Each structure stands twice: as structure tokens, then as C-alpha cells.
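For reference, the structure is listed below as C-alpha cells.
The values are calculated or read from the model by the stated rules, or taken from the named source; none is laboratory data. A quick note: this is a predicted structure, and the numbers were derived from the prediction, not measured. Here the Cβ is made from the backbone with ideal geometry for all residues, glycine too, and neighbour counts use every protein chain on show.
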Amino acid sequence: MDSENKMFGEFERLFPGGVNSPVRRYGDNPRIIEKASGSRLTDVNGKTLLDYCLGFGPFILGYGNPDVKKALSKQIEKGVGFGAPNPNEAQLAGMIRSSVPSIRMMRFTNSGTEATMHAIRLARGYTGRKLIVKFAGSYHGAHDYSLIKAGSGSTTFGNPSSPGIPEEVSRTVLVGEYNNLDSIRRIFRDYGKDIAAVMTEPALGNIGFIKPENDFIQGLREITEDHDSLLILDEVITGYRFRYGAYQDVLGIKPDITTMGKIIGGGLPIGLLGGSEDIMSRLAPLGDIYEAGTFSGNPLSMASGIATLSVLRKMDYSALEKMTEKLVSGIDQALESGRIPHEMSYLVSAFQFFLTREQVKDYESVLKCDAKSYMRIFQELLKKGIYLSPSQFETNFVSFAHTDNDIDYTISSFEEVIGSAKN
Ligand SMILES: Cc1ncc(COP(=O)(O)O)c(C=O)c1O
């Protein structure tokens, strides 16, 4: 038993499942990470791991970017929190406002979960309506309105995904099928006048990675407008991931409310909800809809976000895209030559390989994937010092800190372990 095993035993005594967030638990002995730099994590035994999970999204610059470190040190000297307005808030907000046209006014939160929870309250308060539409497989954090899964075929109201969520709550959330506008038209036909908002990730990043097809998001925009409902785009993963700005502007969509998180905090806790002045000014203390947080807009997260966006603004996302394309094509060929049925999905810096014979376009199709074989590949790669996102139902990321050599090593390792998918 190595020291990591022993240490994880202690974690299991202290935390449910040994972790402080469920997806961090894979296998019997998840690596315990001591530090990170560039594209690599180092565990407590000093072993390095080439990382494609990247903290589940925030570290698009890689770990320990010098500008981000410098900004954080400087801010620690000044103070880590004041419970009062600080200049960093306005500076980060200004950067976001000038790169996301639909966000004219915003509120920072401490996590994406808080951002979407408050966005839902804002939409309900603003429209005076109760119902929210979400999509099977679209994740918006761990609050009650997000953890609603699709009901049986005969019902559009969702079921709680977890004990502890009252049925009364799930009766306020309708669940549609991603990439299926007909499922949304049906919901609006029956409940349209009571629907406060449709909320979706523009591209799904929490059941692997799935892009919108056939103007799906444009269709949502039209349907919500026709019914005076709001459209909430949850860009917690997609914000600043594919370009310096939001994915909505690639799609040509202006949502009513946008939520963000992850990259805009450069690795420190953050969330944001933003939109037009008309909608955002309904939040307290200007308006009557309550939203608050002791640590919201804390100067450390803000400093990290400012430094991260300042670096990102100068970065060439097309170089990142080329690296991702090379990796995706290498994995594709490795799976192909191993005769393992699969589908590849990627965009600029996000990718996933789905082990399936079917086209993957929504939650139903993802559930048919061979998640066990994915985990076998994951474990074999881990032995070779490569850390993928630890589930078929997560997304992998490439950062600006990854190098061509990293990609080459990953592809050759993939070729070597591919047989394990069949065992
Ligand atoms: C699209 C999306 N929204 C919201 C959240 C919740 O963010 P957080 O984990 O910061 O609460 C996540 C987290 O993965 C996410 O992927």
C-alpha cells in the first residue's frame, strides 16, 4: 500500500466517499494532488499527470500562469475581502461587458450553482411566472431546480434526481430533449403562458460534449420570444472557452440572462449572472428580487479573473483549436484501428470520445455509451501519467499550456492502451 492509499483512507473517514464533490471519486484510490503547473498535476507521491480535466474547466491557461500568480500575490498584500465594493469588481465586469454584448449589467456570485439558482429566481420574479424548462442532461449546478431529470415518456414535468428535493419543486421544472425543438414546442403548447424561462447550456458539457444541431438554440430563442418567456444561456463552461467572449455570439443569439463561472475566475471560486439593465435592475437593492453573498465579488477571485482574461485576450484560440484537432484525430484513429465503435465530438478546446455505435446528440444517446470501457481506458492512461476527465459523462479540455509533445505523448499512449477498452 503506498502513502496515497493510506492517505485516502483518512479522506474516506473525513468526507463522504473521500471527496468534497462527487465526480472527484473514481475507482478505489483517486490521486491526491499536491500541486500543479502548466499542463501537469503532481500527486502526493511526486508523480506527474498530464491533465485534460483541468479542474473541470477553469484552467484554460494551464496551472500557475505567471500573470495570474502575480496578480494574486499583489491582491493578498492588499487584502482578500472587504465586504464592500472594490475596484477589481468593476474592472472584471468592464472586461466582460465589453466582450459579451448581451451582458450590460451583472452580479458576481461565488459559484456557477449560485449564478443559475439566482438567474432562475430573477426570471421568475421578472416574468411573474413559475415554470422553468430545462433539458435532460443539461447541468446547472447542484441546487434543487437543476437536479431534475426527465420524467417518464408520458410526463414533461421532471422527477427529482436526488432524495431531498420536494416533489413540489420538481413540479415547477419541465424537462425537454436537447436538440429536439419539437419537444419544446409541445411543452410551450401546453404550458407556454406559465413558463418564466428556458435554461440551457448552449453546448452540453456535462454529459460528455454535445454541440447544438440545426439551429437548435436559435429555435429556442424564437419560441421563448413568441411566448414572452426568457432565455437563460448557461455559459459556465462555454464562456471564454472557444473565443474571447461567449459562445452565444458565435451562434448569433442574444439571451435574456447569461450565467458564467469557471474560466472568468481563472481557477478561483466565481459565478456571474448578467443581462440587460432592464432585467438586472430588478435585483436588490435596486429592485425587489433578492440575491446576495458574503464573498460575492471577492477581490481575490476578481484579481484572478482580470489577470486570466487579460492574458486570454491576447491568445490565439485557433492555435488551441489546431492542438485539439490533432489530439482528437489521433484518438479517432487509435479507436478506429482498434475497431472500437465510437463518435468524436469537439470544439476549439473541449472534446470527448463517446464509445458507442450511435450518433450522440442528447442525453438518451449518451446513456447508451460504454461508460465502463471509457473508465478502463481512463485507468490505463492514468498508469501512463495521463489524466482524462474521470467519466464518459464529463468533458475533456486542452489548455494553452499543453504542448505538441504533450499531444504526441497522449496519442501514442492512447494507441498502446486501446486494447483495454475491449476487456
Ligand atoms: C454548465 C454549468 N453550469 C453550472 C455549473 C455549476 O458551477 P459550480 O460548480 O461552480 O457551482 C456547472 C459546473 O460544472 C456547469 O458545468
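Residues in the stretch 21-80 that are among the small types (G, A, S) and under 22 Å from S304 (Cβ atoms): S21, A36, S37, G38, S39, G55, G57, G62, G64, A71, S73, G79.
Applying the selection to the stretch 339-352, what residues are in a strand (DSSP E or B) and touching a residue at least 24 places away in the same chain (Cβ under 8 Å)? S345, Y346, L347, A350, F351, Q352 - these are the residues of the stretch 339-352 that are in a strand (DSSP E or B) and touching a residue at least 24 places away in the same chain (Cβ under 8 Å).
Per-residue answers, yes or no, for (1) at pLDDT below 95; (2) closer than 21 Å to S39 by Cα; (3) polar (S, T, N, Q):
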position	(1), (2), (3)
S365	yes, no, yes
D370	no, no, no
Y374	no, no, no
F378	no, yes, no
K384	no, yes, no
F397	no, yes, no
A401	no, yes, no
D408	no, yes, no
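Contact annotation: residue pairs with Cβ atoms under 8 Å, 6 or more positions apart or on different chains, pairing a residue in the stretch 64-79 that is small (G, A, S) with a partner that is at pLDDT 95 or above and surrounded by 13 or more Cβ atoms within 10 Å (Cβ to Cβ), are G64/A36; G64/S37; G64/G38; A71/A303; A71/S304; A71/I306; A71/A307; G79/P299.
Among the residues of the stretch 76-89, not a single one is over 12 Å from A303 (Cβ atoms) and touching a strand residue (DSSP E or B) at 6+ places or on another chain (Cβ under 6 Å). From the residues in the stretch 36-51 that are of a type in the set (A, V, I, L, M) and in a strand (DSSP E or B), which one is farthest from F8 (Cα to Cα)? For the stretch 36-51, the residue satisfying everything is L50.
Residue count for the stretch 184-207 under the criterion of being assigned to a loop (DSSP other than H, G, I, E, B) and charged (D, E, K, R): the result is 1. Is it the case, given these coordinates, that G55 is surrounded by fewer than 18 Cβ atoms within 10 Å (Cβ to Cβ) and in the same structural domain as Q352 (by TED's automatic domain parsing)? In short, yes. Among the residues of the stretch 221-244, those identified as under 21 Å from R313 (Cβ atoms) and touching a Gly at 6+ places or on another chain (Cβ under 8 Å) are V236, I237, T238, G239, R241. Based on this model, can you work out whether G17 counts as assigned to a loop (DSSP other than H, G, I, E, B) and exposed (fewer than 13 other Cβ atoms within 10 Å of the Cβ)? So G17 does not fit the description; no. Restricting attention to the stretch 199-252, report how many residues are crowded, with 23+ Cβ neighbours inside 10 Å, more than 13 Å from the ligand (Cβ to nearest atom) and under 23 Å from F400 (Cα atoms). Here the count works out to 2. Checked against (1) within 20 Å of T395 (Cα to Cα); (2) of a type in the set (A, V, I, L, M); (3) out of contact with any Pro (no Cβ under 7 Å at 6 or more places or on another chain), V23 passes all but condition (3).
In the condition set (1) within 30 Å of A421 (Cβ to Cβ); (2) in contact with a Ser or Thr (Cβ under 8 Å, 6 or more places away or on another chain); (3) crowded, with 23+ Cβ neighbours inside 10 Å, K262 is compliant with all but (2). Considered as a group, the residues in the stretch 267-291 that are within 13 Å of the ligand (Cβ to nearest atom) and not β-branched (V, I, T) include one that is surrounded by the most Cβ atoms within 10 Å (Cβ to Cβ), and that residue is L273. Filtering the stretch 120-130 for residues that are in the same structural domain as I210 (by TED's automatic domain parsing) and at positive phi leaves a non-empty set.
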